[in-house]
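Contents: one structure, followed by commentary.
The values are calculated or read from the model by the stated rules, or taken from the named source; none is laboratory data. No experiment lies behind these values; they were computed from the predicted model shown. Neighbour counts run over all protein chains shown; Cβ positions are idealised from the backbone, glycine included. Just the protein is used for accessible areas: all its heavy atoms, side chains included, with ligands, DNA and RNA removed. Shrake-Rupley method; radii C 1.70, N 1.55, O 1.52, S 1.80 Å.
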Amino acid sequence: MAIIDQNKFYKDLESGNVSPVYFIFGDEPFLIDQCVNRFKYGLLDENSFDFNYSLFYASDADVQSIKDTVETLPVFAQRRVVILKNSHELKESEWNELESLFKNPVDSTVFVLFADKIDKRKKHFKNLIDTSSALEFKKPYDNEIPRWINYYASQYELKLTQGAVHRLHRLVGNNLSEIYAQLEKIKVYLDGAATVDVEHVNAVVSNSREESVFDFTKAVGQKDRVRALEQIVSLLDQGQNEIGIVNLLARHMRILLTVRTGMDQGIGGAKLANLANVSPYFIEEYCAQAKGWPVRKLEESLVLLGETDKALKSSPLSSHIWLENMVLKSCSM
């Protein structure tokens, strides 16, 4: 087997057409965590949880106990579900002990291994991907977030205006867990109403650090030195990690580089938004910023950000000095 499509996975799970072994991994923890309940409540009757559902954590589980549980026949049910979380923490000897369950899976058990982002080239992960139904959950790109917002809103029987979708996106960013939580709060706030507009989002969703991050990267993109310095102080006061700030700005400058390169090639609109992996709702703002940056200057800014990242990790000088220097140099390019 190999890595399977997410839509196929959800459909198969809903229909009960499941494999005996699944390997679910990636850097989007919210979607991964949701899968635990999808297996539990999708494949088992609530009355059989005590007999046919087992959850283990790799850090403190005995591998022989995991094997014994997987190989135990279900009790008054069609199947047993066994979950192993944080499988990336298993030792090599433990992987070797579990290998027989992957090569000769137990048909009456659905054995699901969860892991964070992994190196697919490593022997045990490669073998598991090859022998199981593997599923990778990656953090969504900016241009995919509106679709996720509308999807989760539908679960709460809410309908968001386009402006409300993009306001929520701006305030919360790409954190699916936070998006889901904020939609739940909006549902309670509306008390029965179904349509959500910008005013509702503003009333419920607090001005999170994502707002400050957006303002900071926008200020640098506009070469507004004074505002960028003000915003970086705000971010540090909120407890934002210095390396994280550099990474966020580097991501923004890479988007501007892609947008500027696309503009120079005559690409625009939704096609340019797709190329840059950003929401079409924001593409005009990115284009406006990119016009002030020749491609060469954007490439130089990324070199500067790389040097700043290295300095923050190794230099004895205060991080504030390096960050201020980064802002001053970037805004003068």
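Residues that are among the aliphatic types (A, V, I, L, M) and over 18 Å from Arg80 (Cβ atoms) within segment 1-23 comprise Met1, Ala2, Ile3, Ile4, listed in sequence order.
Working only within segment 38-91, note down all residues that are polar (S, T, N, Q) and open to solvent by 30 Å² or more (accessible area, probe 1.4 Å). So that I can check it myself, show each step before the final result.
Keep residues of segment 38-91 that are polar (S, T, N, Q), which gives 47-48, 52, 54, 59, 64-65, 69, 72, 78, 86-87.
Correct list: Asn47, Ser59, Gln64, Ser65, Thr72, Gln78, Asn86.
For the condition over 30 Å from Ala270 (Cβ atoms) and surrounded by 16 or more Cβ atoms within 10 Å (Cβ to Cβ), Leu317 does not qualify. Only a single item in (1) modelled with pLDDT of 90 or more; (2) farther than 30 Å from Val21 by Cα is not met by Arg170, and it is number (1). Residues in segment 276-294 that are open to solvent by 40 Å² or more (accessible area, probe 1.4 Å), assigned to a helix (DSSP H, G or I) and modelled with pLDDT of 90 or more: Ala288 alone. Within segment 188-197, the set of residues being open to solvent by less than 60 Å² (accessible area, probe 1.4 Å) and either among the polar types (S, T, N, Q) or at pLDDT below 90 (or both) comprises Leu190, Ala193, Ala194. Which members of segment 20-32 meet the condition of being out of contact with any helix residue (DSSP H, G or I) (no Cβ under 8 Å at 6 or more places or on another chain) and surrounded by fewer than 17 Cβ atoms within 10 Å (Cβ to Cβ)? Listed by number, the list holds a single entry, Asp27.
Among the residues in segment 326-333, are any of a type in the set (Ser, Thr, Tyr), closer than 17 Å to Asn241 by Cβ and open to solvent by 60 Å² or more (accessible area, probe 1.4 Å)? No, segment 326-333 contains no residue that is of a type in the set (Ser, Thr, Tyr), closer than 17 Å to Asn241 by Cβ and open to solvent by 60 Å² or more (accessible area, probe 1.4 Å). Applying a threshold of 7 Å to beta carbon distances and a minimum spacing of six or more residues, or different chains, the list of pairs starting in segment 85-97 at a residue that is assigned to a helix (DSSP H, G or I) and ending at one that is of a type in the set (Ser, Thr, Tyr) reads Glu89/Ser59. Looking at segment 230-252 only, could you name the residues that are assigned to a helix (DSSP H, G or I), open to solvent by 60 Å² or more (accessible area, probe 1.4 Å) and modelled with pLDDT under 80? Passing the criteria: only Asp237. Within the set of pairs 6 or more residues apart or between chains, which connect a residue that is more than 24 Å from Pro105 (Cα to Cα) inside segment 14-34 to a residue that is outside any loop (DSSP other than H, G, I, E, B) with Cβ atoms less than 6 Å apart? Cβ pairs passing all conditions: Glu28/Phe137; Phe30/Leu176; Phe30/Ser177; Leu31/Phe137.
Open to solvent by less than 40 Å² (accessible area, probe 1.4 Å) and modelled with pLDDT under 85: which single residue out of Ser212, Ser133 fits that description?
Values: Ser133 fails: modelled with pLDDT under 85.
The match here is Ser212.
Against the conditions (1) modelled with pLDDT of 90 or more; (2) in contact with a helix residue (DSSP H, G or I) (Cβ under 7 Å, 6 or more places away or on another chain); (3) farther than 24 Å from Asn175 by Cα, Ala115 satisfies every one except (3).
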